[in-house]
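Working notes for the structure below.
None of the figures in this text is laboratory data; all of them are computed from the coordinates on show. From a predicted model like this one, the values you see are computed outputs, not experimental measurements. Here the Cβ positions follow ideal geometry from the backbone for every residue, glycine too, while neighbour counts run over all protein chains shown.
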Amino acid sequence: MDSRPTVADSRKAGSAVAGYIAQAHSMLEDFDASWDAEGSHCKDRILKLLRDHHAPLERDSFEPGHVTASAILLSPDEKSVALVYHNKLDRWLQPGGHVESQDESVLATAAREAREECGVTLDEDFAARLLSVDVHEIPAHGHDPAHRHHDFMFLFRAKDADLSCSDESAEVRWVELGDLPAYELDACTTRGLTQAIGD
């Protein structure tokens with residue numbers, strides 16, 4: 001059987017990508033980033049990427065970069081946050097990553113990454129929402145040059161406290177909110193946590 005994509009397959013894929021981009025653009029336009037000067041600047045940069053770049057979702061689109069999504073994942077009692085120790089970047093981070101073909105929206109990307117990297121079931125009774133946006137540098141690794149991630153960060157809550165680690169990470173753990181400063185998290189994660197904890 002010929003497994004090559006048909007014209008109909010290509011059109012369907014193109015329509016899905018266009019829908020993803022339109023949804024992300026609409027969500028970001030409605031997002032209030034006025035509380036944070038850096039976040040407001042990043043919002044403008046991501047809107048420009050979504051509006052002007054021909055392939056803003058492709059992970060091999062290195063200039064000016066591509067869309068990613070991440071998750072601030074609360075424990076069921078909302079007293080801790082899940083952090084993963086990322087092998088490539090050699091630091092503690094919130095779960096997150098690149099857009100994949102099955103993702104219907106940027107929220108779906110963040111939810112999938114939370115499930116995959118932390119092994120959790122997300123609490124469907126919790127209203128997930130956009131917390132923050134950020135544009136940050138990713139260092140060169142292997143064949144990939146240095147580039148920028150244009151990241152949407154969402155807030156989720158886990159249904160239970162069981163965690164399991166993915167192949168991309170060395171460890172995943174719950175960290176109590178008061179212990180987070182010891183993990184020297186980057187500025188974009190800190191901004192998102194500020195919003196989450198403020199709630």
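Miscellaneous remarks
- Highest GNM mean-square fluctuation among A128, A158, A182, for the chain modelled with Cα contacts below 10 Å: A182.
- The modelled label-to-label distance between R59 and E184, using points 7 Å beyond Cα along the C-beta direction, is 2.7 nm.
- For the chain, a Gaussian network of Cα nodes joined below 10 Å ranks P76, P139, P95 by mean-square fluctuation, and the top entry is P139.
- Segment 111-158 pair-distance distribution - Cα-Cα, 5 Å bins, rounded %: 5, 18, 18, 19, 17, 12, 8, 3, 0
- With the simple spin-label model, which puts each label point 7 Å out from Cα in the Cβ direction, the H136 to S26 separation comes to 2.9 nm.
- Among V175, V81, V135, residue whose mean-square fluctuation peaks in a GNM of the chain (springs only between Cα atoms under 10 Å): V175
- Tilt relative to the chain, helix 187-198 - C-alpha long axis, 0 to 90 degrees, to 10: 60
- Ascending count of other beta-carbon atoms within 10 Å, so fewest first, for H150, H54, H25: H54, H25, H150
- Distance (nanometres) between label positions extended 7 Å along Cα→Cβ at D52 and E104: 3.3
- Value in Å of the Kirkwood radius, where the chain supplies the Cα pairs that are averaged: 17.4
- Partners for K43 among aspartates and glutamates (Cα-Cα distance below 12 Å; same-chain residues under 8 apart left out): E29, D30, D32, D134, D151
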